[in-house]
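Scroll down for the structure; my scribbles are underneath it.
The values are calculated or read from the model by the stated rules, or taken from the named source; none is laboratory data. Just so it is clear, the model here is predicted, and its values are computed rather than measured. Note that we place each Cβ from the backbone using ideal geometry, even for glycine, and neighbour counts take in every protein chain shown. Quick note on the areas: whole protein, heavy atoms, side chains included, nothing else; ligands and nucleic acids left out. Shrake-Rupley method; radii C 1.70, N 1.55, O 1.52, S 1.80 Å.
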Amino acid sequence: MNNTAVNPYKELSRRLLFVLFGIFVFRVGAHIPIPGIDLVQLKVVMDKHANGLLGLFNMFSGGAMSRLTIFTLGVMPYITASIIIQLLSMTFPPLEQLRKEGAKGRSKIAQYTRFAALGFAILQSVGVSKLLISQNLVLDPGPMFYFLTGLTLATGTLFLMWLGEMMSEKGVGNGISLIIF
């Protein structure tokens, strides 16, 4: 075989390995619990509500919610932000103008989406903190727990957004979709 026929296979295998590595990193992170959680009580609560809304959220987080890991929120804040920004770009004139500007406008809209995702991640992490305290799943409730949980969950979401973008850029397919899958 000549050299030109080997290179596409080498590039494809490199991209597939990158995607597999990204999925591996996601799965490892889906087993690292957030600090300050009573894991025994968590198992009781998750078993009790496995078939309800909590079970659905757990499925979308790849099982991370049942273990309350750093990736508990998954990419849900990013998906929410993407939908809202996309709808606003059709109705809000400044965003509509950006959408029509081509690559530069799309880049700016992507930046707005990331900031909105950060806002949603912070709001959702506060909600998760309140839920955990109300279910007596926290070993030491207090302001520090809110801070650490908010920081951990928001950072986990931002990391998954970055990982998804890297998988899209350096791998094959849509990285965010692969993480959801």
- Round to a whole angstrom and tell me the spacing of the C-alpha centers of the range 101-137 and the range 31-75. 19
- Task: Please give every one of the lysines within straight-line cross-link reach of K10, meaning a C-alpha to C-alpha distance under 22 Å, and leave out same-chain neighbours fewer than 8 residues apart.
- Result: K170
- Query: Counting only the heavy atoms of the protein chains, how much of I122 is accessible to a 1.4 Å probe, in Å² to the nearest 10?
  - Reply: 80
- Here the FRET efficiency for F24 versus I79, based on Cβ atoms and R0 = 22 Å and rounded to 0.05, is 0.50
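With runs of 4+ DSSP H residues as the only contributors, calculate the mean residue ellipticity of the chain at 222 nm using -39,500 (n - 2.57) per run, divided by the residue total and rounded to the nearest 500. Don't skip to the end; give the middle numbers.
Working: 8 runs with 135 residues, N = 181.
My calculation for the chain gives -25000 deg cm²/dmol from helical runs alone.
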- Surface accessible to a 1.4 Å probe, per residue, for the residues of the chain, Å²: 60
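For R15 and F147, FRET efficiency with R0 = 45 Å and r from the beta-carbon atoms, rounded to 0.05? Could the numbers behind the result be given before it?
On the way: r = 39 Å, r/R0 = 0.86.
The computed FRET efficiency comes out at 0.70.
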- Message: Counting only protein heavy atoms and a 1.4 Å probe, tell me what percentage of the chain's accessible area is made up of carbon and sulfur.
- Response: 69
- Roughly speaking, what is the stretch gain from Q97 to K130, that is 0.36 nm per residue apart minus the C-alpha to C-alpha distance, in nm to one decimal? 7.9 nm
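Of D38, D47, which has the most accessible area and how do the rest follow, probe 1.4 Å?
Details: D38 50, D47 95 Å².
Reading off the accessible areas and sorting them downward yields D47, D38.
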- Item | Separation of the H49 and W162 label points, Cα + 7 Å toward Cβ, nm | 3.0
- Message: What figure, in Å² to the nearest 10, do you get for the accessible area of S107 with a 1.4 Å probe and non-protein molecules left out?
- Response: 70
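Remind me, relative contact order of the chain in percent, using alpha carbon pairs under 8 angstrom and six or more residues apart?
Details: 205 pairs, mean separation 51.3, N = 181.
Answer for the chain is 28 percent.
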- Amide H contacts under 5 Å for S66, placed H, 5+ residues apart: none
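Please give the contour-minus-distance gain from A110 to I122: 0.36 nm per residue of separation, less the Cα-Cα distance, rounded to one decimal in nm. Numbers along the way, then the final one.
Numbers: separation 12, 0.36 × 12 = 4.32 nm, distance 1.85 nm.
Here the answer is 2.5 nm.
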- Item | Choice from K108, K100, K130 showing the highest fluctuation, given a GNM over the chain with Cα pairs closer than 10 Å | K100
- Message: Going by amide H atoms built from the backbone, whose H comes under 5 Å of the H on I37, apart from near neighbours?
- Response: L139
